[in-house]
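The values are calculated or read from the model by the stated rules, or taken from the named source; none is laboratory data. Quick caveat: nothing in here was measured; it's all calculated off a predicted structure. Virtual Cβ from ideal backbone geometry, glycine too; neighbours counted across all protein chains shown. Areas reflect the complete protein model, heavy atoms only, side chains present, ligands, DNA and RNA absent. Shrake-Rupley method; radii C 1.70, N 1.55, O 1.52, S 1.80 Å.
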Amino acid sequence: MKKSKGILSLILVVVLIGLLGYTAIIGFGSGGTGAAKNIKLGLDLDGGVSITYQAKDENPTAEQMADTIYKLQKRVEKYSTEATVYQEGTDRINIEIPGVTDANTILEELGKPGSLQFVDESGNVVLEGTDVKSASAKTQTDEYGSKEYGVELNLTAEGSAKFAEATAANVGKRISIIYDEETISSPTVNEAITGGQAWINGMESYEAADKLASTIRIGGLQLELEELRSNVVGAQLGEEAISTSLKAGVIGLAIVFLFMCIVYLLPGLASSLALLIYTGIVMLLLNAFNITLTLPGIAGIILSIGMAVDANVIIFARMKEEMAAGKSVKSSLKAGFEKATSAIVDGNITTLIAAIVLGFMGSGSVKGFAQTLALGIVVSMFTALVITRWIIYAMYAVGLRSPKLYGTQKERKVRDFLSKKKISFAISGVVILAGVVLMIVNGVQGNGVFSYGLDFQGGTSSTVPFVEEYSIEEIDSKILPVVEEVTGDANAQAQKVQGSNAVIIKTKSLSLDEREAFNQAMADEFGVDAEAITAENISSTVSSEMRRDAVVALLVATIFMLLYIRIRFKDIRFATSAVLALLHDVLIVLAFYAISRISIGNTFIACILTIVGYSINATIVIFDRIREALEEQKRNESLDTLVNKSITDTLTRSIYTNVTTFVMIAVLFILGVSSIREFALPLMVGVIGGTFSSICITGPLWYVMKTKLVKK
């Protein structure tokens, strides 16, 4: 690159940072398009709409309620991946959708869940709504190139058999689709449909097809529902949670920038500028893709920032090695990027695989986490391999070429990690065993294996009509301490009902005596009419089906990651060691939850997923160095020396990357509100556990498998 191009490039970098900063802070137009303030926030950060339905059927079964809740959960995710559906009382279902304020619009679009039937011209019901597995709008192109809109139906096994028989008997006739006694479509049967898949064509537009598909899906519920009430509710965490999270993010990034500049000098400045561009692009894309941001989403962003820093650390560590070997600055820059690319790409793609699988197979907060993580990974890989390279080459072109500006690599003394592998394995084993033993003891004593929060075990929802209006901050400081004292629940949640003085307070399940004590406390302390307080038992917002989806998605993601590592590293022992190290880090965090008794809520899943993504990335970096060393192994170099040298060569990367990520989370922990601290603390433990496993477990584990357990 010529000097003139270098100057122009640096000017463009400054302009780009300024443009992204202006967009994130102010935005364009009267509505501030692209501004951070316009990012959709979840119910925990910004509030939304709460709708309560009641089953028309008397005494619905638990199975009917669970099936209806699960199907509604899948349905409302089109409004937001963070929407939640849970049971209230014995026959009510509550839906909470973040980021919206117009309940009537949601009710109109969601439709009125009612009965759906497919009826032939003789009036016989040939198919019920429950026989339909899925319905989706589709666009097809006919032989003349014209677009045709319709609805694709996929039937259950029982529905397929019934529909095959019905269509065979009604070829040339119409089968009407009737929803709540109203005919919504009457397609003609052209031929017998035996494959369990049907196509309703002839729709005038895609919107019409989408509306019909939505109605069919709603009619697939086991229960008929009627709207009982709808409210606009405030944020669960309050404005303070948003402001402190933003402040923590700014402070954390500033500390990371300072650290990178001190440790890596000019390359550190280049990476800091690239991280500013990364942050601006992520903010822009969160707006563009209309992604709902919640605490799990913030976890995904923190993880991707950690991986963005990690990529730069890998590159700069390689540069220093090349310069220490006597190469020129220019040659070292080129070699640094070339040699770091495989580790960066493998680490990011492995984590991206997990994010994609979780996004497709997960639900609720898992899907939200996966979206922000996948977005962050793609952007971080781009900024590390393209933007950082662009900036640093521009700096070199304008005359910043002194080796002193790029740092020097001190001579490394190879540390003998393998000789201490038994001690490392023992330390991990003791911590994990202590956690398992405590889980068993807690379970036997009836305290629960973990301290499950509302999201996992349900509780009591009390609507309290206060005499005066309280802000979320006042509720946190004045009301919730009283609730905690009278109920013994340190993890109570509160939501304002906008347009009134009412507050919805969710606690652990309360007995009749506890409810009376709660009502009396509200009357004594705040002058509330105790008779006006209403309370209902509510189910968990993380249903057993959602937990199953999360576990299945995580297992599938692990299998795909294992296969990718197996293909890339051409040795199943690398893949097996990586998965075992991943399992190690997850068990360490679970042990911490068991020992500390921190409440397990909705953010627990995001925490575990963050640890999984972080663990696999750290492991890949070390394995990439071992793979490279094996290709260059000298005849007289023993395998244990090779492994020790590979771990030593990546030691500074492991420490620096984990320090920067830990700092980001630690600032969030220090400045955040109580619920954010409960989210950040296990993440900090996971980072520490991941640092230990990447340095002391992964390499030795592969070495043991290579030399003693498995022969090639």
(request) Select, from 524, 529, 489, the only residue that is in contact with a strand residue (DSSP E or B) (Cβ under 8 Å, 6 or more places away or on another chain), modelled with pLDDT of 90 or more and of a type in the set (Asp, Glu). (result) 529
(message) Condition first: assigned to a strand (DSSP E or B), crowded, with 20+ Cβ neighbours inside 10 Å and more than 36 Å from the chain's Cα centre (by Cα). Now tell me which residues in the stretch 127-178 satisfy that.
(response) 127, 175, 177
(request) Evaluate the stretch 669-691: report whether one residue or more is out of contact with any His (no Cβ under 8 Å at 6 or more places or on another chain), open to solvent by 60 Å² or more (accessible area, probe 1.4 Å) and closer than 26 Å to residue 314 by Cβ. (result) yes
(request) Scan the stretch 389-396 and give yes if some residue there is surrounded by fewer than 21 Cβ atoms within 10 Å (Cβ to Cβ), free of Cβ contacts under 8 Å to residues at least 40 places away in the same chain and of a type outside the set (D, E, K, R), otherwise no. (result) no
(message) Among (1) surrounded by fewer than 23 Cβ atoms within 10 Å (Cβ to Cβ); (2) assigned to a helix (DSSP H, G or I), there is one condition residue 626 misses while meeting the rest; what is its number?
(response) (1)
(request) Answer with yes or no whether residue 25 is free of Cβ contacts under 8 Å to residues at least 60 places away in the same chain, surrounded by fewer than 21 Cβ atoms within 10 Å (Cβ to Cβ) and under 30 Å from residue 476 (Cβ atoms). (result) yes
(request) May I ask you to list the residues in the stretch 481-508 that are surrounded by 21 or more Cβ atoms within 10 Å (Cβ to Cβ) and of a type in the set (D, E, K, R)? (result) 489, 496, 506
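Results for (1) open to solvent by less than 20 Å² (accessible area, probe 1.4 Å); (2) acidic (Asp, Glu); (3) in contact with a Gly (Cβ under 7 Å, 6 or more places away or on another chain), shown as yes or no for each residue.
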position	(1), (2), (3)
559	no, no, no
562	no, no, no
567	no, no, no
590	no, no, yes
593	yes, no, no
620	yes, no, yes
(request) Would you tally the residues in the stretch 509-543 being open to solvent by less than 80 Å² (accessible area, probe 1.4 Å), in contact (Cβ under 8 Å) with a residue 60 or more places away in the chain and in contact with a helix residue (DSSP H, G or I) (Cβ under 9 Å, 6 or more places away or on another chain)? (result) 10
(message) Contact list please: Cβ distance under 8 Å, first residue in the stretch 556-575 and among the hydrophobic types (A, V, I, L, M, F, W, C), second residue open to solvent by 90 Å² or more (accessible area, probe 1.4 Å), pairs at least six apart or on different chains.
(response) 572/566; 574/566; 575/566
(request) Output the number of the condition that residue 464 fails; it satisfies all remaining conditions of (1) over 26 Å from the mean Cα position of the chain (by Cα); (2) crowded, with 17+ Cβ neighbours inside 10 Å; (3) among the hydrophobic types (A, V, I, L, M, F, W, C); (4) part of a helix (DSSP H, G or I). (result) (4)
(request) Name every residue in the stretch 629-650 that is part of a loop (DSSP other than H, G, I, E, B) and farther than 21 Å from residue 313 by Cα, in order of residue number. (result) 632, 633, 634, 635, 636, 637, 638
(request) Working carefully through the options 373, 385, 405, find the one that is assigned to a helix (DSSP H, G or I), surrounded by fewer than 16 Cβ atoms within 10 Å (Cβ to Cβ) and not polar (S, T, N, Q). (result) 405
(message) Cβ-Cβ under 7 Å, sequence separation 6+ or interchain: first residue in the stretch 111-125 and modelled with pLDDT of 65 or more, partner hydroxyl-bearing (Ser, Thr, Tyr). Which pairs?
(response) 116/179; 119/176
(message) Please pick out the residue among 453, 459, 435 that is under 29 Å from residue 686 (Cβ atoms), touching a Ser or Thr at 6+ places or on another chain (Cβ under 9 Å) and modelled with pLDDT of 85 or more.
(response) 459
(request) Would you mind finding the one in 36, 24 that is of a type outside the set (Val, Ile, Thr) and at pLDDT 80 or above? (result) 24
(request) Provide a single number: the residues in the stretch 150-185 that are at pLDDT below 85 and of a type outside the set (Val, Ile, Thr). (result) 7
